[in-house]
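Okay, so here's the structure we're looking at.
Every read-out reported here was derived from the displayed coordinates using simple, explicitly stated rules and does not represent laboratory data. Model, not experiment: these values are computed from the prediction. Cβ: placed from backbone, ideal geometry, glycine included. Neighbour counts: every protein chain shown.
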Amino acid sequence: MSKDYAAQRASLLKDLDGLRYDVDPMRRIGTLWLDRPPLNVVSYRGRSQINAIIEAFGQDPDVRVVVIRGKNGVYTSGGDVKAFPDIELDGMSDLAWNIASPQRCSKPVICVMEKYAMGVGLELAMACDIRIASERAQFGSFELRRGMHPADGGIVRLVNTCGVGIALEMELTGEPINAQRALAANMVSKVVPHEELMPAVEDMVAKILRNDRRAVESAKETIFEVIGRTLDEQLKVECLFGYALCGANPELVRRSEEFLAKQDKGRTGVNATPL
């Protein structure tokens, strides 16, 4: 990392605008909190800070999994509508983060979706690797009602993840959908009763941490690297990443021996063991 970039990131992590973050080294989790009560609206300044926080998590050896959630039982109602009229085209290069930081982070990123997942909040969630929602959550993209449409990756990720049909319906109508519809559309990975939301997140984290760190990070990179390539190119990328990056993994032999001895954590079936 260049000194200039390091200084820029350090400045972004100061005086956070409606955001909080913490690292639990024992549990190996970095948590980014959206924290602007009552609905955790995300400011334009906060967007750059979200990038900086997630990038910092990506470089932190104490973090293996990143969790994004909102304070006070709300994920987020979206971006700061008051700032829309002040957006200047010349400044868009600074704002065109396209909410790619979760995707670029080498660590798995889980989004916890409670009550509202609207606008820029939905864009941020769609950039995450795994999305877990409360059955009470609502999902929407209301920007067209205000005179614009998503510009930070929301449309692209809706199309790529959920398909053209759901993207057209949500964008052109500006109407929200409920959690079960979001699950059917592949917008979220799992929907659980509200009181089981955080236990479900903890279970997902534990299942990720059961796996080898190097293999997890290589698998995530491989998945995003093959997007948009031809089949032959995809197979070559997978082979390269799988054998070159993981084939020489010193953990491979040890973990294989544990598996054969039925001593590996988190086994299923007859010889099941706890995570």
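Counting 0.36 nm for each residue step from residue 203 to residue 260 and taking away their Cα separation leaves a gain of 18.1 nm. For the range 3-209, the square roots a ≥ b ≥ c of the C-alpha gyration tensor eigenvalues yield an a/c of 1.5 or more together with a/b not exceeding b/c, which makes the shape oblate. Each residue, residue 273 and residue 244, gets one label point 7 Å from its Cα in the Cβ direction; the gap between the two is 3.4 nm. Restricting the trypsin sites (Lys or Arg not before Pro) of the range 192-224 to loop positions (DSSP other than H, G, I, E, B) with no more than 16 neighbouring Cβ atoms within 10 Å leaves 210.
Would you calculate a helix-derived [θ] at 222 nm for the chain, using -39,500 (n - 2.57) for each DSSP H run of n ≥ 4 and dividing by the full residue count, to the nearest 500?
Details: 13 runs with 117 residues, N = 275.
Calculated mean residue ellipticity at 222 nm is -12000 deg cm²/dmol.
Checked against a 24 Å cut-off, the cross-linked pairs 14/71; 190/236; 107/207; 14/220; 190/220; 71/190 give Cα-Cα distances beyond that limit for 190/236; 14/220. Once the chain from residue 234 to residue 196 is taken as fully extended at 0.36 nm per residue, the excess over their C-alpha distance is 9.9 nm. Structure remark: mean-square fluctuation, Gaussian network model of the chain, C-alpha springs under 10 Å; the largest value among 223, 155, 208 belongs to 223.
When the dipole is taken about the Cα centre of the chain, and only Lys, Arg (+1) and Asp, Glu (-1) are charged at their Cβ, what size is it in debye, to the nearest 20?
On the way: 35 positive and 38 negative charges, 130 e Å.
Result for the chain is approximately 620 debye, rounded to the nearest 20.
Positive-end ranking of 242, 186, 16 along the dipole of the chain, with charges on Cβ about the Cα centre, is headed by 242.
For the ranges 255-263, 13-21, 57-65, what's the packing order if you count other beta-carbon atoms within 10 Å of each residue, average per peptide, and put the highest first?
Values: 255-263: 11.3, 13-21: 15.4, 57-65: 17.3.
Going from most to least packed, we get 57-65, 13-21, 255-263.
Quick one: grab the alpha carbon gyration tensor of the range 213-271, order the square roots of its eigenvalues as a ≥ b ≥ c, and give me rounded if a/c is under 1.5, else prolate or oblate depending on whether a/b is larger than b/c.
Values: a/c = 2.95, a/b = 2.16, b/c = 1.36.
Prolate, since a/c reaches 1.5 and a/b exceeds b/c.
Mind listing the lone cysteines of the chain, meaning no other Cys beta-carbon sits under 4.7 Å from theirs? Flagged as lacking a Cys partner: 105, 162, 239, 246.
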